[in-house]
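The values are calculated or read from the model by the stated rules, or taken from the named source; none is laboratory data. These numbers were taken from a predicted model, which means no experiment stands behind them. Methodologically, a virtual Cβ is constructed for each residue, glycine included, from the backbone with ideal geometry; neighbour enumeration extends over all protein chains shown. To get the accessible areas, we keep the full protein, side chains included, count just its heavy atoms, and leave off ligands, DNA and RNA. Shrake-Rupley method; radii C 1.70, N 1.55, O 1.52, S 1.80 Å.
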Amino acid sequence: MSGPSTYEPKWAIERWLDARLPIVRFSADLMSFPTPRNLNYWWTFGGILAFCLAVQIVTGIVLAMHYDASAAGAFRSVEQHIMRDVNYGWLIRGLHATGASMFFLAVYIHILRGIYYGSFKAPREVLWLLGCVIYVLMMATAFMGYVLPWGQMSFWGAKVITNLLGAFPLVGKTITTLLWGGYSVDEPTLNRFFSLHYLLPFVIAAVVALHIWALHVPGNNNPTGVNVKAKTDTVAFHPYYTVKDGFAISVFLILFAVFVFYLPEALSKADNAIPANPLQTPPHIVPEWYLLPFYAILRAIPDKLMGVLALGGAVLMLFILPWLDRSKVRSMRYRPTARLYFFIWIVACLALGWCGSQEPQGQVIPGIAGPTLIDYDINSVTWLSRIAALYYFAYFFPITFFLGVWEKPLPVPDSIYTPVLPHPPTAAIAEKG
Ligand code: HEM
């Protein structure tokens with residue numbers, strides 16, 4: 001796709017290095033990579049994500065310099081030492097905590113872009129799968145990071161989520177004991193989570209490198225979903241998309257700054273400003289906004305194991321999407337019916353997010369053998385989450401699965417160029433002349 005390298009070392013030192021480690025050639029080839037000329041702003045989110053990852057790693061390393069991973073000292077080291085004593089500690093923590101939300105906002109837009117324009121389809125399945133792995137790693141990293149300030153929500157959130165693993169028959173108990181480092185969430189759990197929370201971003205960075213590699217083999221998809229056919233369909237990545245990505249990152253930074261400087265508490269829970277107390281359960285345990293849809297799916301099912309399986313299944317759907325969608329047309333620009341179902345799916349995800357944020361109104365009255373379906377006092381939120389969860393899954397199967405075969409797509413242009421100009425460039429120039 002990218003063709004032979006056009007890099008020419010100019011100086012003797014460059015030639016010397018190029019013969020031993022062609023790193024300058026590699027970077028030059030990345031910069032001149034032929035990129036479809038019609039990418040819109042939704043394609044800037046990959047660059048925005050790389051920026052977010054860098055922000056999280058840099059701010060995280062500085063935070064770790066001042067953090068105390070002990071049950072007795074963690075809360076104080078964050079709320080008192082970092083927030084009050086450390087120079088600009090409040091800013092570094094603000095960037096890191098808000099940065100996590102901005103990272104998820106960007107990744108959700110990036111994933112939705114991928115689904116809408118069919119970027120997950122052949123030949124980009126591996127690129128998509130690596131993206132899904134990154135997403136799972138991001139969720140794990142964010143969850144463990146949230147435990148570190150050792151506030152009430154940190155502690156009880158960790159307790160609820162790690163307890164879920166105990167639902168698995170045979171191995172469940174062993175896994176939770178191993179994760180906890182004991183028989184409940186305590187200091188060894190905090191130590192483990194700190195260690196893993198420090199490690200995982202670097203694993204994410206490594207998978208991102210594979211993700212970009214897998215992108216550079218087939219090249220970018222584009223809003224038409226039509227393959228690149230001629231050199232005139234592309235422009236060099238630099239300066240065209242470095243400038244566009246740079247501009248998008250700057251605009252994204254404005255939103256980021258609004259939250260960091262004007263709404264620093266908007267995305268956090270007041271309960272987490274209270275030190276962890278294993279003897280007092282907060283009235284309403286909720287995860288961060290970006291995990292709420294999954295939390296709603298979990299709670300929609302009145303059986304622990306089934307709930308956990310549904311939660312895992314919801315993520316699994318993303319992994320298998322390339323094999324569920326059998327449509328020959330990539331972009332939903334030309335698939336009006338698919339587009340409609342896709343927008344309803346986004347509404348279902350938002351509804352699940354809202355349901356996940358609501359207090360459980362129903363009362364659980366456990367029977368002798370644990371709670372069963374009829375033991376639940378089912379309320380409107382539970383019903384809404386069930387309907388939304390059902391649609392969430394139905395969107396993948398049967399909707400996406402059969403729609404690709406049944407629907408009637410609109411005519412697809414022959415090339416990237418035709419929706420912009422009706423003729424290929426040479427003809428267009430000739431006509432003008
Ligand atoms: C740390 C997280 C991530 C980073 C830094 C990242 C980075 C990038 C970059 C730089 C690109 C090229 C520019 C663009 O198309 O926007 C890209 C493309 C892509 N990414 Fe990601 N990505 C991340 C997560 C994900 C996730 C979670 C998924 C899906 C589950 C995903 C799926 C894709 C796909 C399918 C493309 C190809 C887009 C196209 O050419 O149409 N990425 N990614």
Item checked: Evaluation of A122 against (1) outside any helix (DSSP H, G or I); (2) open to solvent by less than 50 Å² (accessible area, probe 1.4 Å); (3) of a type outside the set (K, R) (one fails), failing number -> (2)
Next item on the list: State whether the residues of the stretch 135-142 include one that is away from the ligand (no atom under 16 Å from the Cβ) and outside any loop (DSSP other than H, G, I, E, B).
Entry: no
Notebook entry, point to check: Does G89 fit the bill of being out of contact with any His (no Cβ under 9 Å at 6 or more places or on another chain), more than 12 Å from the ligand (Cβ to nearest atom) and open to solvent by less than 10 Å² (accessible area, probe 1.4 Å)?
Noted result: no
Next item on the list: Determine if the stretch 309-319 includes at least one residue that is within 12 Å of the ligand (Cβ to nearest atom), outside the structural domain of G353 (by TED's automatic domain parsing) and open to solvent by 50 Å² or more (accessible area, probe 1.4 Å).
Entry: no
Notebook entry, point to check: Is it the case that some residue within the stretch 165-172 is away from the ligand (no atom under 12 Å from the Cβ), touching a strand residue (DSSP E or B) at 6+ places or on another chain (Cβ under 9 Å) and in a loop (DSSP other than H, G, I, E, B)?
Noted result: no
Notebook entry, point to check: How many residues are closer than 29 Å to L130 by Cα and touching a residue at least 40 places away in the same chain (Cβ under 8 Å) if we restrict to the stretch 175-194?
Noted result: 5
Note to self: Can you say whether Y240 is of a type in the set (F, W, Y), open to solvent by 60 Å² or more (accessible area, probe 1.4 Å) and more than 15 Å from the ligand (Cβ to nearest atom), as far as the supplied structure shows?
What the structure shows: no
Margin query: Quick check on the stretch 164-196: of everything there that is closer than 25 Å to M306 by Cβ and in contact with a Ser or Thr (Cβ under 7 Å, 6 or more places away or on another chain), which residue is surrounded by the most Cβ atoms within 10 Å (Cβ to Cβ)?
Written below: V185
Notebook entry, point to check: Among A106, A97, A69, which is the only one that is open to solvent by 40 Å² or more (accessible area, probe 1.4 Å), of a type in the set (G, A, S) and either within 16 Å of the ligand (Cβ to nearest atom) or more than 13 Å from the chain's Cα centre (by Cα) (or both)?
Noted result: A97
Margin query: Can you tell me which residue is surrounded by the fewest Cβ atoms within 10 Å (Cβ to Cβ) among those in the stretch 202-231 that are within 7 Å of the ligand (Cβ to nearest atom) and in a helix (DSSP H, G or I)?
Written below: I212
Next item on the list: Return a yes/no flag: does the stretch 400-421 have any residue that is closer than 30 Å to H284 by Cβ and either at pLDDT below 70 or in contact with a helix residue (DSSP H, G or I) (Cβ under 6 Å, 6 or more places away or on another chain) (or both).
Entry: no
Next item on the list: Within the stretch 51-66, track down each residue that is within 16 Å of the ligand (Cβ to nearest atom) and open to solvent by less than 60 Å² (accessible area, probe 1.4 Å).
Entry: F51, C52, L53, A54, V55, Q56, I57, T59, G60
Item checked: G172 vs. criteria free of Cβ contacts under 8 Å to residues at least 12 places away in the same chain and among the small types (G, A, S) -> yes
Checklist line | Matching entry among L253, L298, L311 (being among the aliphatic types (A, V, I, L, M) and touching a Phe, Trp or Tyr at 6+ places or on another chain (Cβ under 8 Å)) | finding: L311
Next item on the list: Hey, can you tell me all the residues within the stretch 32-45 that are near the ligand (Cβ under 7 Å from one of its atoms) and either open to solvent by less than 20 Å² (accessible area, probe 1.4 Å) or closer than 25 Å to P4 by Cβ (or both)?
Entry: T44
Margin query: Exactly one of these conditions fails for T6: (1) open to solvent by 60 Å² or more (accessible area, probe 1.4 Å); (2) more than 19 Å from V208 (Cα to Cα); (3) within 11 Å of the ligand (Cβ to nearest atom). Give me its number.
Written below: (3)
